Amino acid sequence: MKKPSKAVSGSSRRNFIKNAAIASSILIVPRHVLGGVGYTAPSDQLNLAAIGAGGKGSSDIKNASVEGRERVVALCDVDFSGSAKRSVENFPKAKRYQDYREMLDKEKDIDAVTISTPDHTHAPAAAFAMERGIHVYVQKPMTHNIKEARKLTEMAREHKIVSQMGNQGGSNPLLDMVQGWIDTDKLGKIAKVQIWTNRPVWPQGIPFPEPAPEKKPDDLAWDLWLGPAEKIPYTPNLHPFNWRGWWDYGTGALGDVGCHLIDIPFRTLGLHYPKSAQCSVASVYSQMWTADHHPKGAPVASFITLKFDQTDKSKSPIEMTWSDGGIRPSHPDIIPPDHDLGGANSANGVMIVGEKGIITTNINDSSPLMPKLYLSDGTTEFGPEKEEMDEPEYGHQRKWVDACKAGFGSKEHQALTSSFDYAGPMTETVLMGNLAIRSYMLQKETGNGNTAFIGRKKLLWDGDNMLISNLEEANQFVGRDHREGFKV
């Protein structure tokens, strides 16, 4: 029998609290006198848990607790000997688990969870929580692949889940400045967007590391870390960070910062699924005339082109280019040569190019956005180079918590900047770049011991049906096989 939705039971609990508060209003002594200024009654607190309590997970659950306003009841991590110790110190009363499935089945009063694990376990953990009516905050990228993103988007609606992806820059109020420039037609017709990053800043484009079971840390639950991926012996140099460059676990440079950078034009131009993708990648030669081929991982650098239909805001079709590995676009003539493109040292950035000028910004992750408008007539308008945040990460986690308490469909929920209704299609667009990269690396035997690359072409994407229409072999990268116990 299907378990009753926690979203419904949580809503009933909050209604009971509100009704009880009205019924008790005949009391002379108000609650704030009993509990002090800012006091939140235990019955009004959200019960929170963290899946992935170290690294970014430690700040996600801390920010979601809103300085102790909400109650953190449980922490889950595959290795509490590492950076997850910070979460244990912050929430010493929280129960600890290594397996999120055990935690969510045992802790029946959890209302909402933050999920800050490696990319490959985002979707299995989020789906497991949503099936139990538990609200979810999921780190970027929302999922490891396109099919998972579509599934989670649908599940959030079906189960009435308040969701938020952890691209915190989406809550940056300075995005309103960029949106205003576009909405008031400062650039005129917009046809091009250029995006670049200095990532990867971890080992990538190299052979997969050799397993070494004897080196497994005692406190690491390796099988749980692997989650939906193929079972292999313990392999050093994956946990806790260098997994990013390997397709079984990570999503490369795009997965790391694409949801911060692509978010800016995707949001402000009102984009939807791309209609095509193509790419090229950097070649590394360890021997003469034969390029290294490591299809298990992302390349050292890539260049990707995505094309979109026109929107109400762009007035024309959009060509979006992405480059990583430190390769950036050439410097436009209308931007003074001593001005950085995007962020400091032009390391990361976005340029939205129109017929009358250019908007440029930094990465949108909590770094200063530094929005700048350059027009062909010499007019410029700049946002601040330094930002002051009233609360951590623009209140991205706190706003999600408030929406969880207000309920699915509330005005607080609808005001979230990265609920899955938005974050799902945007994540699919980010991951389309990885589909192009993986297709570019596809080889096929042609006979006589020879092989050919079959995916080095423009890929046509049917977004509604999640299908590459002109290369069947590329569709294997739309989803993935999940190990038993971690299916989505």
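The single condition from (1) within 23 Å of the chain's Cα centre (by Cα); (2) part of a loop (DSSP other than H, G, I, E, B) that K386 fails is (1). Taking the criterion of being of a type in the set (S, T, N, Q) and under 21 Å from F486 (Cβ atoms), the only residue of segment 208-237 that qualifies is T235.
Residues in segment 136-182 that are farther than 20 Å from S366 by Cβ and among the aliphatic types (A, V, I, L, M): V136, I146, A149, L152, M155, A156, I161, V162, I182. Every condition in (1) surrounded by fewer than 14 Cβ atoms within 10 Å (Cβ to Cβ); (2) under 20 Å from the mean Cα position of the chain (by Cα) holds for W246 except the one numbered (1). For segment 402-431, a residue qualifies if it is of a type outside the set (A, V, I, L, M, F, W, C), within 15 Å of V113 (Cα to Cα) and part of a helix (DSSP H, G or I), and the qualifying residues are D402, K405.
When we screen G255, G297 for residues that are of a type in the set (G, A, S), in contact with a strand residue (DSSP E or B) (Cβ under 6 Å, 6 or more places away or on another chain) and buried (at least 16 other Cβ atoms within 10 Å of the Cβ), the only hit is G297. Given the criteria of a type in the set (D, E, K, R), surrounded by 22 or more Cβ atoms within 10 Å (Cβ to Cβ) and in contact with a helix residue (DSSP H, G or I) (Cβ under 6 Å, 6 or more places away or on another chain), does D119 qualify? Yes; evaluated as a whole, the condition is true for this residue. Considering only residues of segment 35-56 that are assigned to a loop (DSSP other than H, G, I, E, B), of a type in the set (A, V, I, L, M) and modelled with pLDDT of 95 or more, which is farthest from H135 (Cα to Cα)? Result: A53.
To keep it simple, each residue is scored yes or no on (1) in contact with a Leu (Cβ under 6 Å, 6 or more places away or on another chain); (2) at pLDDT 95 or above; (3) more than 25 Å from Y137 (Cα to Cα); (4) part of a strand (DSSP E or B).
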{"position": "I352", "(1), (2), (3), (4)": "no, yes, yes, yes"}
{"position": "I359", "(1), (2), (3), (4)": "yes, yes, yes, yes"}
{"position": "I363", "(1), (2), (3), (4)": "yes, yes, no, no"}
{"position": "S367", "(1), (2), (3), (4)": "no, yes, no, no"}
{"position": "L373", "(1), (2), (3), (4)": "no, yes, yes, yes"}
{"position": "D390", "(1), (2), (3), (4)": "no, no, no, no"}
{"position": "Y394", "(1), (2), (3), (4)": "no, yes, no, no"}
{"position": "Q397", "(1), (2), (3), (4)": "no, yes, no, no"}
{"position": "W400", "(1), (2), (3), (4)": "no, yes, no, no"}
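Got a number for residues in segment 439-488 being closer than 22 Å to P425 by Cβ, surrounded by 11 or more Cβ atoms within 10 Å (Cβ to Cβ), in contact (Cβ under 8 Å) with a residue 60 or more places away in the chain and out of contact with any helix residue (DSSP H, G or I) (no Cβ under 7 Å at 6 or more places or on another chain)? Adding up the residues that qualify gives 4. If the condition is being assigned to a loop (DSSP other than H, G, I, E, B), among the small types (G, A, S) and touching a strand residue (DSSP E or B) at 6+ places or on another chain (Cβ under 6 Å), then segment 57-82 contributes only S65. Please verify whether D111 is over 13 Å from the mean Cα position of the chain (by Cα) and either buried (at least 24 other Cβ atoms within 10 Å of the Cβ) or closer than 20 Å to S410 by Cα (or both), treating the condition exactly as stated. Yes: the conditions hold for D111. Restricting attention to segment 462-481, which residues are among the charged types (D, E, K, R) and either assigned to a loop (DSSP other than H, G, I, E, B) or touching a Phe, Trp or Tyr at 6+ places or on another chain (Cβ under 8 Å) (or both)? Correct list: D464, R480, D481.
Output the residue which, of all residues in segment 374-429 that are within 30 Å of H159 (Cα to Cα), touching a strand residue (DSSP E or B) at 6+ places or on another chain (Cβ under 6 Å) and not hydrophobic (A, V, I, L, M, F, W, C), is surrounded by the fewest Cβ atoms within 10 Å (Cβ to Cβ). This residue is S419.
Note on segment 174-197: among residues that are assigned to a helix (DSSP H, G or I) and touching a residue at least 40 places away in the same chain (Cβ under 8 Å), the one that is surrounded by the fewest Cβ atoms within 10 Å (Cβ to Cβ) is D183. The residues of segment 206-231 that are in a loop (DSSP other than H, G, I, E, B) and buried (at least 20 other Cβ atoms within 10 Å of the Cβ), listed by number, are G227, P228, A229. Among the conditions (1) touching a residue at least 60 places away in the same chain (Cβ under 8 Å); (2) closer than 19 Å to P425 by Cβ; (3) of a type in the set (S, T, N, Q), S316 misses just one, which is (2). Tell me whether segment 232-239 contains one or more residues that are buried (at least 22 other Cβ atoms within 10 Å of the Cβ) and within 17 Å of I146 (Cβ to Cβ). No; the residues of segment 232-239 include none that is buried (at least 22 other Cβ atoms within 10 Å of the Cβ) and within 17 Å of I146 (Cβ to Cβ).
The values are calculated or read from the model by the stated rules, or taken from the named source; none is laboratory data. Given the structure is predicted, the values throughout are model-derived calculations rather than measurements. Every residue, glycine among them, receives a Cβ derived from its backbone with ideal geometry; neighbour counts consider all protein chains shown.
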